[in-house]
1. I'd like the residue in the range B:69-111 that is over 18 Å from B:ASP168 (Cβ atoms) and among the hydroxyl-bearing types (Ser, Thr, Tyr) and, out of all such residues, is surrounded by the fewest Cβ atoms within 10 Å (Cβ to Cβ).
2. How about the range B:262-289: which of its residues are more than 22 Å from the chain's Cα centre (by Cα) and within 23 Å of B:ASP341 (Cβ to Cβ)?
3. Looking only at the range A:138-162, filter to residues that are within 11 Å of ligand 1 (Cβ to nearest atom) and hydrophobic (A, V, I, L, M, F, W, C); which one of those is nearest to the other protein chains (Cβ to nearest Cβ)?
4. Could you tell me how many of the residues in the range A:21-54 are near ligand 2 (Cβ under 10 Å from one of its atoms) and without any contact (Cβ under 8 Å) to a residue 60 or more places away in the chain?
5. Kindly indicate whether any position in the range A:125-137 is touching a residue at least 24 places away in the same chain (Cβ under 8 Å), within 16 Å of ligand 2 (Cβ to nearest atom) and touching a Gly at 6+ places or on another chain (Cβ under 8 Å).
6. Across the range A:19-53, what is the total count of residues that are in a helix (DSSP H, G or I), of a type outside the set (A, V, I, L, M) and surrounded by 23 or more Cβ atoms within 10 Å (Cβ to Cβ)?
7. In the range A:18-34, what residues are away from ligand 3 (no atom under 16 Å from the Cβ) and among the aliphatic types (A, V, I, L, M)?
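All of the numbers you see were taken from the coordinates with simple rules; none came from a lab. Computed from a predicted model, the values in this text were never measured in an experiment. Cβ atoms come from the backbone with ideal geometry, glycine included; neighbour counts cover every protein chain shown.
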Amino acid sequence: MLNNPGLENFEKITSKNLPRENYISPGHRACQGCAEILALAMVMKVAGPNTIVANATGCMEIVTSPFPQTAWKLPWIHVAFENTAAVASGIEAGIKALKRKNKYQDDLPNVIAVGGDGATADIGLQALSGALERGHNFLYVCLDNEAYMNTGIQRSSSTPYGASTTTSPAGSQSIGQQTWKKDMPGIAAAHNIPYVATANPGFHLDLMNKVKKALTINGPAYLHIYSACPTGWRSKPEKSIEVSKLAVQTNVFPLYEIINGKLTITKKINKPKPVVDYFKTQRRFAHLKEDDLKFIQQKIDEQLARLQRLETDKE
Amino acid sequence: MTKAKGLEVSLAVAEAVKQANVDVIAAYPITPQTHIVEELSVYVANGELDAEYVPVESEHTAMSASVGSSAAGARTYTATSAQGLALMHEILFIASGLRLPIVMTVANRALSAPISIWNDHGDIMAERDIGWVQIFAENGQEAYDLSIAAFKIAEDHRVLLPVCVNIDGFILTHMIEPVLFIDQKKIDAFLPPFNPALTLDPKKPVTMGPVGVPEVYAESRKQCEQALINSREIVAEVFDQWGKTFDRNYKLIEKNGPDEAKSLFITMGSMGETTMTAVQELTDSGESVGQVRIRLWRPFPKKEFLNAIAGAEELIIIDRALSPGSHNGPVAQEVKALLYDEPVKPRVHNVIAGLGGRDVTVKDFKKMYAMSRKNELDPNYTIWGVRSDA
Ligand SMILES: Cc1ncc(C[n+]2csc(CCOP(=O)(O)OP(=O)(O)O)c2C)c(N)n1
Ligand code: SF4
Ligand SMILES: [Mg+2]
């Protein structure tokens, strides 16, 4: 297992010491109520000015960088859709070499790769796996809005079962998305990297502390952030935080972290709400019938039980 | 300068890359490129070269990581062949679009299917329009020399474009050739440290690779193309400087044989050496024939090429790649398009030879010449040596 200096004396971010500076300027072109850009801004707030960002093609790249404008106050590069982990590994390797050869005078920067669920779980999975396996010291952030939003709400392997998208439409012969959401954090964790976590901007302190830990730990870290997308989910823009919170309160999107292989559920839900409360907030699920919801509820319960088993697992 | 040492050309290229003191190598193995990157990994492993060797999981990542490290300000090298180059395709345009001076060796190899590890130029011809400076080496010495010169060309602030040095797979990469190596001190004097124009610097944040809306896209592409066109002069300048410093002279377009030759073979890459033997023998037997070698393929040196062929009555253009469904192979297309505006045009024959490692011998070139004299070559192109019973 890789070492993780720093976490012993970890100083938590609280509402009192929240970083104030923003590194993504207002005026970007994200939709109203976009929780993806909200999450992205939170990540950067914690990362601070000594940070380099590699961004995959997708909503966040498009809405922040229409030349000659840019929303970025950090050095930022977009190369393509499926390779942002590879680009980040090049940046990390380049600066590491320059530093060793005395050609880089400053402190080593944070290197953060950002990709959507499509960029991460589908087309960029190989590049991500390679970068995690090689052990680059970087943070990979997957902003999971559960479909290809930038290109018009097509399904991804991270789209939840039963959701209607433009390429998994609900119809008389189809429930919509017919597969269960891919376990991306599990795949990342299988690389035996020192830090993996799920996060959600509805729980901003939990999210920010996870970013801080991920950047403190040496070696690759993976953060999977639930990112409500009113445009793609057909939810109310003003309800994005409410929807985000419901995802956790119903255990649809549990919050946990895996440090050196050890899983901890970071937000325990004592009295989970029924998943139907969550599904009601988004029209992508509007077609689901009672039986479908029952089935989904059962699967969500099983998913949580599995996490709990992993949490209590002694080794 | 020390005396010539016989060694495999791949190892000479690796030596050149080491002497260029690269910071990052991101590469994925593919025959016939492998010996270059294996050797580089040995240099890194035993401390002879202080660089990050990134053992990527694919060529797509090799090029993507190269883009990242070059954007971070590191001198960056990679190498590939055929399928690997094709896998990089998407990112090759981005490397030039972002003006990143990456240097890449392409050990030229035929593209599948059927799978073939042997040489032709089909791989790089499919990447003709990537916006990179593209150079072809003819022999081991050239492969070594041009691999070093490539960094100087790429990193010149008047260029800032990626450069690809093509060396024929096996025919060059795996051949033992005598190579004169240059002292490290002299190389350091010739090739100053990489001084990037812009980097991903937290103290001076820039946005690289933004969205190009219709109002700016065309201008952006035009700027890149202009940089490529302008690079011709810098390539020539660096070659000149190389000649003055190291006493080996390279031209963008090289003419060999008698000045007033009526027929000219046009070649690229290692085939030029065999052609020259044929040219020599034909000249000795009283034929009026010469050779023109294209060393710089992109940007295409129009002026130099037209000068070189001035007065010739006939061109036999050897293509080592097929352009399926077109009138000619890629090199002949290029030359014919160029001749359209010329008041006097030589006859053009196009022979596509050496596909997938098919041997092309001195005898073959002599036969091509004889057939061209009798106008027996196909008016569009002839695929040399293809068996009709196949
Ligand atoms: C190789 C390639 N294939 C397809 C596309 C088209 N494309 C661009 S972004 C995108 C979807 C992005 O989805 P995701 O990664 O989930 O990000 P989001 O926009 O949802 O934030 C697609 C399909 C592309 N740019 N490149
Ligand atoms: S489509 Fe969704 S993710 Fe994209 S900018 Fe709009 S709200 Fe955000
Ligand atoms: Mg998405």
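1. Once the filter is applied, the top-ranked residue is B:SER96.
2. Answer for the range B:262-289, where residues must be more than 22 Å from the chain's Cα centre (by Cα) and within 23 Å of B:ASP341 (Cβ to Cβ): B:LYS262, B:SER263.
3. Out of the qualifying residues, it is A:MET149.
4. Residues in the range A:21-54 being near ligand 2 (Cβ under 10 Å from one of its atoms) and without any contact (Cβ under 8 Å) to a residue 60 or more places away in the chain: 4 in total.
5. no
6. Step one: of the range A:19-53, the residues in a helix (DSSP H, G or I) are A:35-47.
Then keep just the ones that are of a type outside the set (A, V, I, L, M); that gives A:36, A:45.
Cutting the leftovers down to surrounded by 23 or more Cβ atoms within 10 Å (Cβ to Cβ) gives us A:36.
Of the residues in that region, 1 qualify.
7. Scanning the range A:18-34 gives A:LEU18, A:ILE24.
Table: residues versus (1) surrounded by 19 or more Cβ atoms within 10 Å (Cβ to Cβ); (2) touching a helix residue (DSSP H, G or I) at 6+ places or on another chain (Cβ under 6 Å).
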{"position": "A:THR167", "(1), (2)": "no, no"}
{"position": "A:SER172", "(1), (2)": "no, no"}
{"position": "A:GLY186", "(1), (2)": "no, no"}
{"position": "A:LEU207", "(1), (2)": "yes, yes"}
{"position": "A:PRO220", "(1), (2)": "yes, yes"}
{"position": "A:LEU223", "(1), (2)": "yes, yes"}
{"position": "A:VAL243", "(1), (2)": "yes, no"}
